[in-house]
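Below is one structure, written out as C-alpha cells; comments come after it.
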Amino acid sequence: MDEDNQQLLCQRLRNRVIEVLDLYCSFDDLAKFGAFEAINMADDFLPVDYEIAPKVFSQKEKDTVADFVKLLETASDATDLDISNVAGFESSSEWVQLCQAAKQAVLIFSERGRFSEDFEVILSN
C-alpha cells in the first residue's frame with residue numbers, strides 16, 4: 001500500500017476512533033449496546049499503530065487515547081457481568097472514570113476535528 005492510501009485509511013481510522021470515544025461519553029448510548037459489546041467495539045479500533053501515518057494523530061491525541069485505553073482495560077477487568085442499563089454504568093466508578101476520559105478525549109480531538117473520508121488532508125506536525 002502506498003503512503004497516500006495509507007494516510008487516507010488512517011484518516012478514516014481517526015474518525016472511527018472519535019466515534020468510539022463519542023459513544024463512551026454517554027451512558028445512554030453505552031446501555032444500548034451493553035458493556036461487553038462496547039468493549040469489543042473499542043477493541044476493534046484501539047490501540048492504534050501511529051507509525052503507519054504519524055501526522056494523522058497529534059501527540060496530544062495519542063496521549064489521550066493511551067489514557068483512555070488504560071481506563072478501558074480497568075473497566076473491562078472490573079466488568080464481570082454485562083451492564084445494559086444506565087444505572088449499572090453510573091454505579092461503577094471504573095465506567096464513570098472511563099466516561100470522563102472519553103469526554104476529555106473528544107474535546108482534544110475536536111481541536112483538529114474529523115478528517116476527510118474521501119481525500120487526503122495536508123497535515124503538518
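Quick note: the coordinates plus some simple rules give every number you see, no bench work behind them. This is a predicted model, so every value here is computed, not measured. We place every Cβ from the backbone using ideal geometry, glycine too, and count neighbours over all the protein chains shown.
Odds and ends about this structure:
- Of everything listed in (1) over 19 Å from F33 (Cα atoms); (2) assigned to a helix (DSSP H, G or I), the single unmet condition for F57 is (2).
- Taking the range 70-88 as the range and being among the aliphatic types (A, V, I, L, M) and either in contact (Cβ under 8 Å) with a residue 24 or more places away in the chain or under 19 Å from Q6 (Cβ atoms) (or both) as the test, the residues that pass are L71, L72, A75, I83, V86.
- Taken over the range 44-71, the criterion of being over 18 Å from K103 (Cα atoms) and out of contact with any Phe, Trp or Tyr (no Cβ under 8 Å at 6 or more places or on another chain) is satisfied by D44, D49, E51, I52, A53, P54, K55.
Table: residues versus (1) of a type in the set (F, W, Y); (2) closer than 17 Å to E19 by Cα.
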| residue | (1), (2) |
| --- | --- |
| D43 | no, yes |
| D49 | no, no |
| F57 | yes, yes |
| K62 | no, yes |
| E73 | no, no |
| T79 | no, no |
| I83 | no, no |
| S92 | no, no |
| Q97 | no, no |
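- The range 19-47: number of residues that are surrounded by 15 or more Cβ atoms within 10 Å (Cβ to Cβ) and outside any helix (DSSP H, G or I): 5
- One residue stands out among those in the range 72-124 that are in a loop (DSSP other than H, G, I, E, B), in contact with a Phe, Trp or Tyr (Cβ under 7 Å, 6 or more places away or on another chain) and not acidic (D, E): the one that is farthest from F27 (Cα to Cα), which is V121.
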